[in-house]
Amino acid sequence: MKLKLAVAALGVALLAAGQAWAQDIKPRMIRFGYGLNEDSNQGRAVKLFAQEVEKASGGKMRVRAIGAAALGSDVQMQQALIGGAQEMMVGSTATLVGITKEMALWDTPFLFNNGAEADAVLDGPVGQKVMDKLQEKGLVGLVYWENGFRNLTNNKQPVTKLEDLNGIKLRVMQNNVFLDSFKSLGANAIPLPFSELFTALETRAVDGQENPYNTILSSKFYEVQKYLTVTNHVYSPWIVLASKKWWDGLSQAERKVLLDAAVKSRDFERKDTREEAAKALSELRAKGMQINELSPAEANRMREKLTAVHASIADQVGRDLWAETQAALAKVRGG
Ligand code: TF8
């Protein structure tokens with residue numbers, strides 16, 4: 001008898017919890033903007049995120065994925081999120097430096113040697129700490145995705161030594177670390193939003209740019225760039241963002257749906273990106289690009305120039321955060 005009552009009580013409790021859960025998820029339309037083409041590692045992962053959100057919310061929460069910067073550049077979308085005019089986006093952490101100076105940490109040349117190091121630091125306490133800084137600026141960071149190691153392309157000449165960069169008009173992302181880094185290499189660095197890059201290359205307003213292989217492929221830069229130099233000079237992450245104004249009005253259940261889907265999309269995206277990157281060089285060669293690696297001596301010269309900007313990045317992000325990052329790296333490296 002007692003057991004029966006207990007079972008019945010449990011049943012009632014579970015039913016109530018289920019109903020509370022269902023009530024806690026309201027019909028929502030989420031505008032999710034991104035800058036690359038639909039047919040890119042970014043586009044594929046946004047699509048997976050949308051599917052996961054719809055599935056986990058029983059179809060109540062719907063994600064409208066809007067790619068190719070149709071909602072604006074990274075910087076414009078960030079402002080829309082802060083103002084509450086758009087719900088979500090994914091973009092480069094580099095474009096957030098003007099909002100949260102600590103994001104400059106991820107622009108540090110040669111910070112990570114490989115994807116495993118990047119994953120460990122970005123998904124660990126240092127990555128979380130930097131992400132949390134966004135909240136006071138009206139943004140909520142959910143997860144980091146891989147953009148990837150960046151490589152140099154241009155339309156003037158093969159870059160085989162440092163001096164080949166002299167005077168090359170090079171588009172860089174819109175922040176001072178990238179600007180300073182490439183100026184220190186002798187390039188004529190010009191900050192531009194990604195959404196204007198293809199046209200700038202096509203009209204020769206700039207001679208070159210730097211991005212991971214995946215993006216050089218998906219944005220068809222091979223149509224307007226002849227030379228690719230393997231530099232792997234910096235690992236760039238993307239970050240999935242929500243508008244804090246909007247996020248604060250969501251229930252716990254709704255936030256959980258979004259966070260779980262974000263983690264799934266992150267794991268999918270990194271795997272997809274790495275698989276694509278592994279095949280990309282031969283594809284780019286097949287598309288007609290002329291590809292060269294730097295000799296070890298030249299790679300070192302470039303590395304030395306670029307690591308010289310480390311001290312100013314450490315100042316910008318704060319010495320404590322810099323030291324924590326180095327400690328986290330030593331730990332992953334087994335030191
Ligand atoms: C860049 C970045 C881009 C991102 C993207 C549009 O060069 O690498 O991939 O900003 O979200 O601007």
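The values are calculated or read from the model by the stated rules, or taken from the named source; none is laboratory data. None of these values were measured; they are calculated from a predicted model. In this analysis, Cβ positions are derived from the backbone assuming ideal geometry, glycine residues included, and neighbour counts consider all displayed protein chains. Just the protein is used for accessible areas: all its heavy atoms, side chains included, with ligands, DNA and RNA removed. Shrake-Rupley method; radii C 1.70, N 1.55, O 1.52, S 1.80 Å.
The single condition from (1) surrounded by 15 or more Cβ atoms within 10 Å (Cβ to Cβ); (2) out of contact with any helix residue (DSSP H, G or I) (no Cβ under 8 Å at 6 or more places or on another chain) that residue 93 fails is (2).
Only one of the numbered conditions (1) without any contact (Cβ under 8 Å) to a residue 60 or more places away in the chain; (2) within 14 Å of the ligand (Cβ to nearest atom) is not met by residue 93, and that is (1). For the range 112-134, the set of residues classified as in a helix (DSSP H, G or I), touching a strand residue (DSSP E or B) at 6+ places or on another chain (Cβ under 9 Å) and away from the ligand (no atom under 15 Å from the Cβ) consists of 115, 117, 119, 122, 127, 128, 130, 131, 132, 133, 134, listed by residue number. Note on the range 162-266: enclosed helices (runs of 4 or more DSSP H) holding 3 or more residues that are open to solvent by less than 20 Å² (accessible area, probe 1.4 Å) are 176-184, 197-202, 213-218. Summed over the range 276-335, the residues that are in a helix (DSSP H, G or I) and either of a type outside the set (S, T, N, Q) or farther than 18 Å from residue 104 by Cα (or both) give a count of 40.
State the number of residues belonging to the range 135-146 that are assigned to a helix (DSSP H, G or I) and either touching a strand residue (DSSP E or B) at 6+ places or on another chain (Cβ under 9 Å) or among the small types (Gly, Ala, Ser) (or both).
As a first pass, look at the range 135-146 and keep what is assigned to a helix (DSSP H, G or I): 135-137.
Checking which are either touching a strand residue (DSSP E or B) at 6+ places or on another chain (Cβ under 9 Å) or among the small types (Gly, Ala, Ser) (or both) leaves us with 135.
Within the range 135-146, residues that are assigned to a helix (DSSP H, G or I) and either touching a strand residue (DSSP E or B) at 6+ places or on another chain (Cβ under 9 Å) or among the small types (Gly, Ala, Ser) (or both) number 1.
Of the residues making up the range 135-161, those that are within 16 Å of the ligand (Cβ to nearest atom) and under 20 Å from residue 269 (Cβ atoms) are 139, 141, 142, 143, 144, 145, 146, 147, 148, 149, 150, 151. With respect to being over 26 Å from residue 274 (Cα atoms) and touching a Gly at 6+ places or on another chain (Cβ under 8 Å), residue 165 fits the description. Considered as a group, the residues in the range 267-282 that are open to solvent by 70 Å² or more (accessible area, probe 1.4 Å) and hydrophobic (A, V, I, L, M, F, W, C) include one that is nearest to residue 143 (Cα to Cα), and that residue is 268.
For the range 151-161, the set of residues classified as of a type in the set (Ser, Thr, Tyr) and either at positive phi or in a strand (DSSP E or B) (or both) consists of 153 only.
Checked against (1) without any contact (Cβ under 8 Å) to a residue 12 or more places away in the chain; (2) within 16 Å of the ligand (Cβ to nearest atom); (3) not hydroxyl-bearing (Ser, Thr, Tyr), residue 249 meets all criteria but (2). Considering every residue within the range 99-111, establish whether at least one is within 16 Å of the ligand (Cβ to nearest atom), surrounded by fewer than 24 Cβ atoms within 10 Å (Cβ to Cβ) and assigned to a strand (DSSP E or B). Looking through the range 99-111, none of the residues is within 16 Å of the ligand (Cβ to nearest atom), surrounded by fewer than 24 Cβ atoms within 10 Å (Cβ to Cβ) and assigned to a strand (DSSP E or B).
A Cβ distance below 9 Å, combined with a sequence gap of six or more or placement on separate chains, defines the contacts here; from the range 133-146, residues that are under 12 Å from residue 106 (Cβ atoms) and in contact (Cβ under 8 Å) with a residue 40 or more places away in the chain reach residues that are among the hydrophobic types (A, V, I, L, M, F, W, C) and surrounded by fewer than 22 Cβ atoms within 10 Å (Cβ to Cβ) in the pairs 146/277. Taking (1) aliphatic (A, V, I, L, M); (2) at pLDDT 95 or above; (3) more than 11 Å from the ligand (Cβ to nearest atom) in turn, residue 197 satisfies each apart from (3). Pairs linking a residue in the range 44-70 that is farther than 15 Å from residue 238 by Cβ to a residue that is of a type in the set (A, V, I, L, M) and in a strand (DSSP E or B), with Cβ atoms under 6 Å and 6 or more positions apart or on different chains, are 50/63; 50/65; 53/61; 53/63; 62/29; 63/30.
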